[in-house]
Structures are given as C-alpha cells and as structure tokens.
1. Which order do the peptides 325-335, 267-277 come out in when sorted by mean C-beta neighbours inside 10 angstrom, highest first?
2. Quick one: length gained pulling Ser425 to Leu385 fully straight, 0.36 nm per residue minus the C-alpha distance?
3. Relative to the present Cα-Cα distance, how much length would full extension add between Leu64 and Val554 at 0.36 nm per residue of separation?
4. Quick one: check the C-alpha center-to-center distance for the range 98-120 versus the range 480-553, whole angstrom.
5. Place the peptides 181-188, 88-95 in order of packing, highest mean first, counting for every residue the other Cβ atoms within 10 Å and averaging per peptide.
6. Report, by chain and number, residues whose modeled amide H sits under 5 Å from the one on Asn431, excluding near sequence neighbours (fewer than 5 apart, same chain).
7. At 1.4 Å probe size, with every protein chain present, just tell me what the per residue accessible area of the range 413-495 comes to in Å².
8. Going through the cross-link list Lys88/Lys411; Lys268/Lys574; Lys133/Lys411, which pairs have a Cα-Cα distance over 31 Å in this structure?
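The values are calculated or read from the model by the stated rules, or taken from the named source; none is laboratory data. Not measured: the values here are computed from a predicted model. We place every Cβ from the backbone using ideal geometry, glycine too, and count neighbours over all the protein chains shown. What goes into the accessible areas is simple: the full protein's heavy atoms, side chains included, and nothing from ligands, DNA or RNA. Shrake-Rupley method; radii C 1.70, N 1.55, O 1.52, S 1.80 Å.
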Amino acid sequence: MTPVDTADEGLDDRPAETDPRPTVSLSRTAAGDVVPPARERFRPLARLEDPIVGWTAAVAIAVLAFVLRVWHLGTPREFEFDETYYAKDAWSMLNHGYVRGYVDSANDRILDGRTTGIWQRDPSMVVHPEVGKWLIALGEKAFGMDPFGWRIAACVAGSLMVLVMCRLARRLTGSTLLGCVAGLLLCFDGMMLVLSRLALLDIFLALFLLLAASCLVADRDWTRRRFADRVDAGGVDAGGIGGWGPRLWFRPWLLTAGIWFGLACGTKWSAAYALAAFGVLVLFWNAGARRSIGVRWPLPKATVLDGVPAFLHLVVVALVVYVASWTGWLVHAHEYEQHLSSTQYTRFVSAEDGCTKKGDVIVKLDDDKRWPTATEPDASGPGELVQSLRSLWYYHHDVYEFHTHFLNCSKHIYQSDPGGWLLLSRPVGVNVENDIKPGSQGCQAPDGSNCLREVLLIGTPVLWWAGALALAYAVVAWVLRRDWRFGFAVVGALSMWLPWQLNDQRPIFSFYASSILPFTILALTLTLGQILGPDRSPTPRRTIGTIIAGSFVVLVILNFAWFWPIWTNGLLTKSEWFDRIWFSRWV
C-alpha cells in the first residue's frame, strides 16, 4: 500500500502553507505498508486567523446588505409579480390554518387596509410547498398585511445569505479577506437584491440550500478530523473493522444539513435535485478520506460505512422535516376532503397531447378522479393521521400533474431558456409604471418624452458574466487539478441548473438561477484566490493579483450602483432608462 497522491479527489484540502501544525512521521500497517499520517493528510479548512475579526467582518457586510434591502421596502405599494399569490396564501395560512380562495377584488381591498370579507370558505389549490409562505406569514404577523409586512421575511433571508456566504467562503479558502469578497459580491448582486425585496419563494430556497451546503463542508472537515484522531490513536484499523477505517455513525453537521435540505424541499421541490447531487458528492468525499488513510477499495467500503448513515442523516431527515412542514395542511386535510366530496373539484390531468384545455384551465370533473379519502368516513386517533397523510399524497399527485402538464400548455412573456440564465439573456419585469408625465412625481423629462419607474429582476451583469467564466474555469480546476473546492461549486451550480435545462418545455424564469448564484460566486472567489496566489508577502505576483481582484470587486460595486434605480423602482427619464437597458431582450 503506497501513499496516495495529494492531488486525488477529496484530498487536496488546502495548500501546504496553510497548515500551521507540524507534520508527523509515516506509520506502517502490520503488513509493513506505508500509511499516510492522518494529521499530515487532513489539513484544516481555514487558517487560524482571529475568529473575532472574521465574524465581525461577516456581520458588518450582512448589516450592509440588510440596509440596502430594507430601504423603501414597502414601495411600490402593490402586489408585484407572484406576490399576488404568495402574500395572500401566507395571510390565509396564518389566520385560517390553510390556503383559502379569495374574491376577485382581494388585492384592492388589501391595499386599502381591509383583510376581512375577502376570504372564501373553500380551500385553494397551491402549487408549491408551504415553508416559504409560512416565513412570509411571520412578517405579516409582525408588521401587518401590507407590502412591507409581506416582504420583510425575504429581506431578512437575503441578508442572512450574505453572512452565510462570508463564513462558507472563509472556510473554503482559509482567508477572511476572500470570505469578505464573496459576501460583498453576493451583497451587490441585483437579482438577490430584488428577490430580497419581494414576497417570492426563491430567496428562501437559495438560503436553505446555501445553509445545507455550508453544513456539508463543515461535516467534511469534522469527519476528517475525527478520522485523524482515531487513526493516530489506533492505526488504519481504528474503529473495529479491519482494513475499513473508522466508523462514524452520528455526524451532527450532516444531520443539520438534512434539516436545511428538508426546509429547502418544503419551499420548492427543485431542492431535491441538489440533495441528490450533494449526497453523491458526500459519498466520494468519504471515499477520499478513507483512501488517504490507507484503506483499500475505499469507495465500496465508504458506501457501506458512510453511505447508510449519510442517507439517514440527509434523505430520511429531510423527508421527515418536509412532511412536518405540511402540519398546517394535515390539520385541515378534512377541509380539502369535504370540498372534494361536496363539489366538482378541478383536477390537473394529462391527455394524449400532454394537456387538455378548456378555456385557461385544465379540468377533469369525473367522480372517479376524486381522492379516495374524499368519500371515506372520518377516521380517529392514529387512523386520522394516516388518512390525512394519504390525502396529502393525493394532493401532491395533483400538484405534480399541474407542474408536468398544465404548465406545459401555458406561455409567459418573461419565460426564458435556462441556457442563457448565466448570461442574463431574459430578465423579468416585476413592475413598471411607464407613462409618468413631466412635472409629475418629480419627472424632469424634456418635452415630448416622459419618465418611468421599473423593478427589473436581473443580476449585476459584470458579476454574472465573470461568474460564468469562473464556472468554466472551475470545471477545469476540478478535473485537472482535482481541487475538491472547485468541484463543490460546480456540483452546486449544475444541480440547480441542469434539471431545468432538461425540462424547459414549461414556462421557467431566469430568477430560478438565484440558487445557482451562490455557487457561481464561490467559483469566482476561488478563482480570485488563485489570482492572488498563496504568498502573502508583497511580491510582484501578489501586487498584480491584488490589483486585478480589487479592480473586479470595485467594478461590480460600480455596476451595482448604476443599475440601482431599475432594481428599486427609481424614477428615470426614458433616456436614463435606455442607458441601463443594454439589450433589446431586456425590455
């Protein structure tokens, strides 16, 4: 058995100069094979910098992000884009326990300050899980049913993302400076800014996925340190299974990641793709860890020793959290069942051509298509829970049919091709007021022209375009240099992009890429770290790298400032607006 090269996947934890601890001598197995010393192989994931400085800097950048996001958060005072669904659904859940239908004039009445007399008794079918809407409901509970109230939860979530990004990038790079750079890049992205100022679900999805990914990296560090402790104490066979390496049945960071993944899936189903992708990546990380302590056939052994606990910590925990997130629905499952048994209920079903239209909805009203639980007697005790869970299963089937068939038959002016998301090919116009006359609302447009206000859901162009290049470089660095950190960024980005690329028949929107952006920024930050170089002394390489990296960050901030008005409903003349709309497809 020979030492494994440090370039192997999962082993290149950090450049050697970042390990402040002395190395240890090689040890040998009973057979005389050389075993790479654990403390030499498992290097720390961060330099031993002052933790107070790291946390203070991260919190300061997160506070800056919050200030930018909370500024005039209640304007425009109207329902923007899909806020018309999520804000009302959240209020209904908060006050009735489940989502009810509402009258046609509900939006106007709510904006006038009235929240009574607009909710119908019958439940409404919603097409996304409930976690994000419960978070929106918390803001409405604290600040009322108005634009500020239904947007504040997203504002907080977007700000927390910046804090998590700072800490994750610091762990990956071993540098507080690069951690702050990653946080600043996320802070000054326009798409994240706008999503943090809207009552949509995507900002919560992105936050939960970033938290889950951060816990996985922490678990990687924690697991390898535990391996090192046991191997240094008892050799390769430590753990009781000869030649297999240590056993770790309980992994707290992996358990925490499972909770975050469950909340992410409880916000949008697309998080399941990330869960699957990162689950496979964790398996290969574990195999790499066992290989580096001299375990033969590490992948099959890691599949047995680490795969089962990982499945329980990630998938099973995520499933439990996901089902628990539907507690409000389960408590009121009888409302849906009664509605089904007493009325003709609209169902979304497929036909030979993929969808069946009747006006603007797909309907199937046959009695035999209703849920079986709709005609069953109400159960009691444990049977009631089982009956409610069965109803939830049928409900999920309806939602699945909606996503896979009904949406395939619809079109939207702002739908976009996922292939162009990283290039910002088709942003979403969230709100526009485009006929403000000179002299009105402070408009100073010349005669014959006018002013407008717009909220355009688009990322900071310089950041996204550079991020696309950084992701391409990350693939190369992962494959050729076997740097697991770049692989982590690539897997995260692909897991939230490739599924949409393979299912682009339905209307999908560019802001779905908000879950890709954190991993794009990680790839970009790691690339900037490569440009800076590992040597901190004032060498020509370091000086040139600092100029390049610093100039890029400044350019992103300037680009952010230039686009600020079209992200925040700012008043612009037509010419000022066209100065910011660089391509016709952005209109």
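1. 267-277, 325-335
2. Values: separation 40, 0.36 × 40 = 14.40 nm, distance 4.72 nm.
Extending this stretch completely gives an extra 9.7 nm.
3. 174.8 nm is the gain from fully extending Leu64 to Val554.
4. Comparing the Cα centres of the range 98-120 and the range 480-553, I get a distance of 44 Å.
5. Descending mean neighbour count gives 181-188, 88-95.
6. Sorted by chain and number, the residues that satisfy this are Val455.
7. On a per-residue basis, the range 413-495 sits at 41 Å².
8. On the way: Lys88/Lys411 24 Å; Lys268/Lys574 37 Å; Lys133/Lys411 25 Å.
Long pairs (Cα-Cα over 31 Å): Lys268/Lys574.
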